[in-house]
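Before any comments, here is the structure.
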Amino acid sequence: MICRIWHGWTAEENADAYERLLRSEIFVGILRREIPGFRAIDLLRRSVPDGAEFVTLMWFDSIEAVHSFAGPDYEVAVVPPEARELLARFDTRSAHYTVIEQRSA
């Protein structure tokens, strides 16, 4: 399994709007694509001195599945124009990790 990790930051006044956009449009659009090997997406948020930091964790069966999502240069961040308008800055490249182990309580 592969975990794709990405970070983005907003000004405080854009944080709620950005979260709404992710949850109501962007994540829904990703799910509608029915990407083979895509398992889930998680959203994390925390307050930082200049606004809010967001982290997305995407879970894929394989690096080939990541290619299906992001294309041949699969590390490039996939950030739609409407999201870019709300972000103060963001990772231009995503990091990909091989999941060695997952445990549940």
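Values in this text are rule-based calculations from the coordinates and carry no lab data. Keep in mind the model is a prediction, meaning the values are calculated, not measured. Here the Cβ is made from the backbone with ideal geometry for all residues, glycine too, and neighbour counts use every protein chain on show.
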Q: With runs of 4+ DSSP H residues as the only contributors, calculate the mean residue ellipticity of the chain at 222 nm using -39,500 (n - 2.57) per run, divided by the residue total and rounded to the nearest 500.
A: -6500 deg cm²/dmol
Q) Put +1 on the Cβ of every Lys and Arg and -1 on every Asp and Glu Cβ in the chain; which of 105, 72, 54 then has its Cα farthest towards the positive end of the dipole? A) 105
Q.
Could you list 74, 97 so that the one with the fewest beta carbons within 10 Å of its beta carbon is first and the one with the most is last?
A. 97, 74
Q: Go through 43, 8, 31 and say which Cα lies farthest out towards the positive end of the charge dipole of region 2-98; charges sit on Cβ, +1 for Lys and Arg, -1 for Asp and Glu.
A: 31
Q. Which whole number in µm²/s is D for the chain by Stokes-Einstein, with the Kirkwood Rh taken over Cα pairs at 20 °C and 1.002 mPa s?
A. 150 µm²/s
Q. Could you give the distance between the Cα centres of region 87-102 and region 1-18, to the whole Å?
A. 11 Å
Q. Among 100, 63, what is the fewest-to-most ranking by other Cβ atoms within 10 Å?
A. 100, 63
Q | Nearest-20 debye value, region 2-98 charge dipole, Cβ charges on Lys, Arg, Asp, Glu | A | 200 debye
